[in-house]
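Got a structure here, written out as structure tokens. Questions coming.
Readers should treat all values here as calculations from the given coordinates under stated rules, not as data from a laboratory. Being a predicted model, the structure only gives us computed values, none of them experimental. Every residue, glycine as well, gets a Cβ built from its backbone with ideal geometry; the counts of neighbours run over all protein chains shown.
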Amino acid sequence: MIVELLQELIRNRCVNDGTPESGQEVRSVATIADLLGERGVVVEPLPGRQSVIYRVPGTNPESPALLLLPHLDVVPANPAGWEVDPFAAEITDGFVWGRGAIDMLNVTAAMLVVFGEFWRGARAPLPGDLILAAVADEEAAGRLGARYLVEESLDLVDAPFVLTEVGYPALPSPVGLIYPVAVGEKGPFWTKVKSSGTPGHGSTPFGADNALAALVAGVGRLFDAESPVTMTDVWTSLVLALGFGPDLAERLLDPEQLDGAIEDLAVEDPLLARYFHAITHLTISPNVLRGGIKANMIPDQAVAELDIRALPGTDRTTVNEVLRKLMGAPGEKLELEPVADHLSYFSGRDNPLWEAVAASFFDHTGSNRLQPVTIPATTDARFFRSRGAVAYGVGLYDDQLTFGEFLALFHGHNERVSIDSLHKTTDLLRSTLHHFGHLTA
Ligand SMILES: [Zn+2]
């Protein structure tokens, strides 16, 4: 059943390109109504942009609620880069292929299956309420989805414990496989860098005040700049767990030597190196550059857009200071405009949900070696962690894709998930809920 469900979610093509009219999650909300045999509480801030909420009341009003928070939308896919049609949800070699197969419709489908068992009464209710909120618009900052729900209808989704994305595959270590649990994520500090000059004729550039000059020079420096390092306890525990040789481990844990160590690591495993860089640095990626309108006109306006992601302890003031410093003299002429600011949040581990996740991994792998990890990107978890809720991302995968290969499939070509992994993740979630019930009775 879960395979067909995932295929239907992929084929629903809830492609969110960032425009308010895209996404059309109404299609997958209909799929869920079919599955659960009933329409849930639908929240629709704009036509077609539906999120849906279902609740199985708990047996003990004192017990904490648990929220399952999957998203329904996916990012666009360029079929030219794919070996298969990204929205056909073909099955080849034991994998379901398609946009959303790992971000995050695989976990969405697993959550729906497990929630459905409680909804239909096939499983006894948990002590606390079990809430399912399948949301729109995660891929565009949640403005029409999770963020909207928290701001406008908090009573529908409020819960001290949340399961959402990302569930990662296991990592090899000297003591056997260790199982990542996403406990925190970086905070976005997207920024526009604006430049202004004086318009003129392109035939006479001598002494011109071209808006592109300072912008290209200032932003150009950001590509090679060494950005500041933040070492979290999650990073330290990851390095120690992975069992690198003492020399490499020491370098990875020394802010002065970290960049060189990552460069060395990139020779062997460029994808892991990229991840390591992201989860230890204030990353700055200039991704948009606009200026000028015509080849014979000197532009008086130009703008760059930077994707900046920060770890805990960094706020807008720090980000702007870093940008000013890295852009140097050309940056003095540039104006910085915040686009989206959100602090980075992490959840602690001393709570029943962590224990339930650990017990569940033990059930299915014989190991309870959980490894807290950082998500370099942003998920809907932030709207809940920032309110003090504990939020984790978990999944259980077979060994057909490495951690690095898995990361590269996010928003990439040929996104796919093995059928075996779909079943494993469903089993993991089912027993996580079972243990959570016992621990919160
Ligand atoms: Zn996602």
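Tell me, what is the percent relative contact order of the chain, built from C-alpha pairs under 8 Å that lie six or more residues apart?
On the way: 956 pairs, mean separation 105.9, N = 441.
24 percent.
222 nm [θ] for the chain, helices only, -39500 (n - 2.57) per DSSP H run of 4+, per residue, to 500?
Dividing the helical sum by the residues of the chain leaves -11000 deg cm²/dmol.
Roughly speaking, what is the centre-to-centre gap between the range 283-326 and the range 220-274 when only Cα atoms are used, to the nearest Å?
25
Number of Lys pairs in the chain with C-alpha atoms less than 19 angstrom apart, excluding same-chain neighbours closer than eight positions?
Value for the chain: 6.
I would also like to ask the following. When the Cα atoms of the range 136-190 are enclosed in a convex hull and the volume is divided per residue, what value in Å³ results?
Here the figure is 128 Å³ per residue.
Now for a separate question. Roughly what angle does helix 419-439 make with the longest principal axis of the chain, taking Cα atoms, 0 to 90 degrees, to the nearest 10?
For 419-439 against the chain, the angle is about 70 degrees.
Another question, then. With Cβ to Cβ distances under 13 Å as the rule, what net charge do the other residues near residue 103 carry (K, R +1; D, E -1)?
Every neighbour counted, the sum reads -4.
If amide H atoms are built 1.01 Å from N in the plane of the peptide, which residues on other chains or at least 5 residues away come under 5 Å of the amide H of residue 202?
The answer is 297, 298.
Compute the angle between helix 26-36 and the longest alpha-carbon principal axis of the chain, please, reported from 0 to 90 degrees and rounded to the nearest 10.
20
Return, ordered by residue number, the residues of the range 183-201 whose backbone nitrogen is under 14 Å from a label point located 7 Å along Cα→Cβ of residue 320.
Those under the cut-off are 190-194.
Right, here's the next one. What does the charge count around residue 375 come to, taking other residues whose C-beta lies under 13 Å from its C-beta (Lys +1, Arg +1, Asp -1, Glu -1)?
That works out to -1.
State, to one decimal in nm, how far the label point of residue 62 lies from the label point of residue 3, with both points 7 Å from Cα in the Cβ direction.
Using points 7 Å along Cα→Cβ, the separation is 4.7 nm.
Same structure, new question: Read phi for every residue in the range 168-176 and hand back ³J(HN,Hα) as whole Hz from Karplus 6.51 cos²θ - 1.76 cosθ + 1.60, θ = phi - 60°, with x for Gly and Pro.
Taking θ as phi minus 60°, the curve returns 9, x, 5, 10, x, 8, x, 9, x Hz for the range 168-176.
Taking only Cα atoms, what is the 0 to 90° angle, nearest 10, from helix 352-365's long axis to the longest principal axis of the chain?
80
Let me ask something else. Taking amide hydrogens as modeled 1.01 Å from N in the peptide plane, which residues meet the under 5 Å criterion relative to residue 440, leaving out close sequence neighbours?
HN-HN under 5 Å from residue 440: empty list.
On to the next question. Could you derive backbone 3J(HN,Hα) for the range 239-252 from the dihedral phi with the Karplus parameters 6.51, -1.76 and 1.60 (θ = phi - 60°), listing whole Hz in sequence and x where the residue is Gly or Pro?
4, 5, 5, 6, x, 5, x, x, 5, 5, 4, 4, 5, 5
Modelled label-to-label distance, residue 294 and residue 124, 7 Å Cα→beta-carbon offset: nm?
About 7.8 nm, to one decimal.
Where in the range 254-309 are there GluC sites (Glu not before Pro) that are in a DSSP coil and have at most 13 other Cβ atoms within 10 angstrom of their Cβ?
Passing both the DSSP loop test and the Cβ count: 256.
Ok, one more. FRET efficiency for residue 143 and residue 38, Cβ-Cβ distance as r, R0 = 30 Å, nearest 0.05?
The computed FRET efficiency comes out at 0.60.
Could you give the length gained on full extension between residue 192 and residue 269, defined as 0.36 nm per residue of separation minus the Cα-Cα distance, in nm?
Result for the pair: 24.5 nm of gain on full extension.
Which three extents, in whole angstrom, do the alpha-carbon atoms of the range 186-338 cover along their principal axes, largest first?
Per principal axis, max minus min of the Cα coordinates gives 62, 31, 22 Å.
Also, quick follow-up: Using a simple spin-label model with points 7 Å from Cα along the Cα→Cβ vector, what separation in nm is obtained for residue 256 and residue 420?
4.7
Got a sec? How would 194, 186, 325, 294 order by Cβ neighbour count within 10 Å, fewest to most?
The order, fewest Cβ neighbours first, is 294, 325, 194, 186.
Within the range 75-136, report the trypsin sites (Lys or Arg not before Pro) that DSSP leaves as loop and that have at most 13 other Cβ atoms within 10 Å. Before the final figure, lay out each step's value.
Details: sites: 99, 120, 123; in loops: 99, 120, 123.
Loop-located and lightly packed - 120.
A further question follows. Let me check I've understood the local charge: for residue 147, count other residues with C-beta under 11 angstrom from its C-beta, Lys and Arg +1, Asp and Glu -1. What total comes out? Spell out each step's value before the answer.
On the way: positive: 143, 382; negative: 137, 138, 151, 152, 380.
Every neighbour counted, the sum reads -3.
Still on this structure, I have one more. For the chain, what is Rg from Cα atoms divided by 2.2 N^0.38 Å, rounded to two decimals?
1.04
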